[in-house]
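Following: one structure in structure tokens, then a few remarks.
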Amino acid sequence: MKLEDHPTVKRYREQAEAISATKAPNTLDAEWLKQQVLEAGADDVGLVEINRPELGEYQADILEIFPHTQTLVSFVRRLNPENIRCISQAVRDLEFIRTQKEADGIARKVTQVLAQKGVGALNYACGFPMDLDKWPGKMWPVSHKPIAVAAGLGHLGNNRNLLHPRFGNFILLDTVLVDREATAYDSPLDYNPCIECKLCAAVCPVGAVGNDGNFQFSNCFTHNYRERLGGFADWVENIVTSKTVRDYRKKVADPETVSMWQSLSYGICNKSSYCLAACPAGDERIGLYLADRQAYMKQVVKPLQNNTESVFVIPGSDAEAHVAKRYPHKTIRRVGNGLRPNSAQNFLASLPVVFQRNQSEGLDVTYHFTFTGEDNCEATVIIRNKTLEVKAGHVDTADLHVTADTRTWLDFLAKEKNLLWALLSRKIRIKGSPKLMMAFAKCFPS
Ligand code: B12
Ligand code: SF4
């Protein structure tokens with residue numbers, strides 16, 4: 001059959017005129033577009049053009065999944081603060097899971113409305129699913145927070161969550177990618193709703209949120225994400241490496257096993273989110289905090305701090321020390337978090353997110369790395385004043401030089417190869433004091 005005789009092609013040709021008559025203009029009216037998003041159920045919405053300079057580092061990933069993107073429609077869906085502040089994890093999870101589904105539904109509805117106008121639009125996930133073939137790298141092509149900031153929906157607070165001027169951080173975010181320009185775009189909010197009360201730092205059970213705005217990713221990830229991604233991988237490995245049922249039960253307590261079932265069957269669960277719960281920012285949330293600070297502490301902050309619960313930590317991490325010192329009534333559970341670099345580049349990129357700054361106390365050391373074999377690259381790692389810097393190539397003078405066959409190094413990090421064996425077989429060579437190697441390992445426990 002000739003292409004022109006195919007029923008689909010014939011119908012298309014017949015309807016081409018009608019389609020072009022109903023087609024939306026090349027530029028969408030901004031107010032109309034926002035109205036559609038609000039009518040679909042969003043609580044606030046903002047628009048950003050794809051080439052906004054502050055989105056520079058996020059642009060390529062967005063265009064990779066939807067190359068025609070012209071406009072980013074950023075919106076928020078409110079969370080019920082009472083649920084999020086509840087000491088019952090089940091009550092908090094109910095609200096997170098429900099709201100996430102609602103946000104995904106709103107985004108999908110918006111794409112359907114736009115499709116009826118002949119406008120191409122893609123709805124991205126509020127949270128999950130993610131592109132897990134990119135694990136352990138960046139698995140989410142759309143980063144909602146920086147987009148929401150550019151869209152004027154708020155700013156990141158000390159807890160690194162987006163604080164909306166009215167709703168505070170009791171919101172989830174989502175983004176729709178649209179293939180048309182809009183008649184107008186929004187600008188960032190002219191103030192930060194964060195009042196720098198630092199209550200987020202005071203409640204985080206693992207100390208992941210610092211008073212100085214520092215965020216320790218892997219400590220939050222190990223605890224809060226115990227039942228997803230790397231936490232799940234660690235659970236599977238616990239099963240595989242258990243020699244007997246008793247052995248497994250020593251590693252995984254019964255409530256943890258059934259909790260894994262709940263997370264898998266009902267929906268993704270969070271162990272804490274207290275940094276969100278304690279935050280008084282936002283016009284609608286600040287009342288009690290301003291009226292009676294003590295009452296706020298008693299009603300909101302103390303119940304989270306006093307909650308007796310298991311806290312999941314990497315052995316030797318700052319998180320472990322934090323729970324032991326600040327929350328002796330909580331139970332420390334020493335676990336793995338499944339984060340294992342899969343290339344030399346990924347190892348270097350992961351260092352800032354796994355760095356334990358308190359374990360580096362007193363260090364002022366420059367490390368040179370030379371990777372050979374699978375990956376060929378050189379890098380410098382400087383640990384000084386409890387901060388970490390990773391630079392490409394060899395800069396400054398090294399106190400310790402590590403030359404490693406990449407595969408051996410990755411296997412060593414994955415605990416599949418022994419360092420002593422690697423040193424004896426010269427797959428890993430060090431020039432400098434072995435003590436500096438041990439000091440390095442202490443900063444990156446796994
Ligand atoms: C990755 C991620 C996380 C990571 C990192 C969080 C972070 N501060 O960036 C972890 C696992 C720790 C996390 C925890 C939580 N998250 Co989260 N998370 C995301 C995600 C997928 C991307 C965030 C992002 O763009 N970061 C990039 C920029 C802004 O951050 P960055 O500091 O430059 O880089 C960080 C990341 O790149 C990360 N990172 C680097 N390498 C790797 C490797 C892996 C494997 C992972 C997972 C992360 C990671 O570490 C860096 C340092 O923090 C978004 C959903 C989305 N698609 O946008 C939700 C999102 C940010 N999370 C959200 C929430 C609610 C939470 C939690 C409260 C848990 C929960 N109940 O869901 C906690 C809060 C922790 C905190 N105080 O920040 C909400 C925030 C809502 C708001 N009001 O701002 C979002 C927007 C989801 C949503 N759709 O609403 N989250
Ligand atoms: S989600 Fe929990 S563990 Fe993560 S930063 Fe917030 S309070 Fe800390």
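The values are calculated or read from the model by the stated rules, or taken from the named source; none is laboratory data. Only a predicted model underlies this, so the values are computations on that prediction, with no experimental measurement involved. With ideal geometry, Cβ positions are generated from the backbone for all residues, glycine too; neighbour counts draw on all protein chains shown.
Having 1 or more residues that are within 10 Å of ligand 2 (Cβ to nearest atom) and within 17 Å of Ile84 (Cα to Cα) is the bar; report the helices (runs of 4 or more DSSP H) wholly within region 194-298 that clear it.
199-203, 217-224, 274-277
When region 342-392 is examined, which residues are found to be touching a residue at least 24 places away in the same chain (Cβ under 8 Å) and basic (Lys, Arg)?
Listed by number, the residues that qualify are Arg357, Lys386.
Which members of region 48-88 meet the condition of being assigned to a helix (DSSP H, G or I) and aromatic (Phe, Trp, Tyr)?
Matches in region 48-88: Tyr58 only.
Residue by residue, here is whether (1) within 16 Å of ligand 2 (Cβ to nearest atom); (2) of a type outside the set (Val, Ile, Thr) holds:
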| residue | (1), (2) |
| --- | --- |
| Ile65 | no, no |
| Asn80 | no, yes |
| Ile84 | yes, no |
| Val91 | yes, no |
| Lys101 | no, yes |
| Cys126 | no, yes |
| Gly157 | yes, yes |
| Arg160 | yes, yes |
| His164 | no, yes |
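Can you confirm whether Asp133 is closer than 21 Å to Glu49 by Cα and away from ligand 2 (no atom under 16 Å from the Cβ)?
Judged against the criteria, Asp133 is not a match.
May I ask you to verify whether Gly152 is within 11 Å of ligand 1 (Cβ to nearest atom), modelled with pLDDT of 95 or more and not charged (D, E, K, R)?
no
Considering (1) away from ligand 1 (no atom under 14 Å from the Cβ); (2) under 30 Å from Thr408 (Cβ atoms), say which one Leu339 fails and leave the rest.
Here Leu339 clears every test but (1).
Among what's in region 166-193 and is away from ligand 2 (no atom under 16 Å from the Cβ) and in a strand (DSSP E or B), pick the residue that is surrounded by the fewest Cβ atoms within 10 Å (Cβ to Cβ).
Glu181
Looking for whichever is touching a residue at least 60 places away in the same chain (Cβ under 8 Å), closer than 30 Å to Asn307 by Cβ and surrounded by 11 or more Cβ atoms within 10 Å (Cβ to Cβ) here; the options are Glu102, Glu95. Which one fits?
Exactly one of Glu102, Glu95 is touching a residue at least 60 places away in the same chain (Cβ under 8 Å), closer than 30 Å to Asn307 by Cβ and surrounded by 11 or more Cβ atoms within 10 Å (Cβ to Cβ), namely Glu102.
If only one of Lys391, Lys386, Lys415, Lys442 is surrounded by fewer than 18 Cβ atoms within 10 Å (Cβ to Cβ) and farther than 29 Å from Asp234 by Cα, which one is it?
The unique qualifying residue is Lys391.
Can you find, within region 150-160, the residue that is nearest to Asn192 (Cα to Cα) among those that are under 18 Å from the mean Cα position of the chain (by Cα) and surrounded by fewer than 24 Cβ atoms within 10 Å (Cβ to Cβ)?
His155
State which residue pairs qualify: first residue under 18 Å from Leu304 (Cα atoms) and inside region 196-220, second residue basic (Lys, Arg) in any location, beta carbons under 7 Å apart, and separation of 6 or more residues or different chains.
Filtered contacts from region 196-220: Pro205/Lys330; Asn211/Lys198.
In the same structural domain as Trp235 (by TED's automatic domain parsing), surrounded by fewer than 13 Cβ atoms within 10 Å (Cβ to Cβ) and modelled with pLDDT of 95 or more: which single residue out of His329, His322 fits that description? Break it down into steps so the answer makes sense when it comes.
On the way: His322 fails: surrounded by fewer than 13 Cβ atoms within 10 Å (Cβ to Cβ).
Answer to the check: His329.
Out of Ser218, Ser187, Ser263, Ser242, which single residue is of a type in the set (Ser, Thr, Tyr), modelled with pLDDT of 95 or more and not assigned by TED's automatic domain parsing to the domain that holds Asp318?
Sole residue among the options that is of a type in the set (Ser, Thr, Tyr), modelled with pLDDT of 95 or more and not assigned by TED's automatic domain parsing to the domain that holds Asp318: Ser187.
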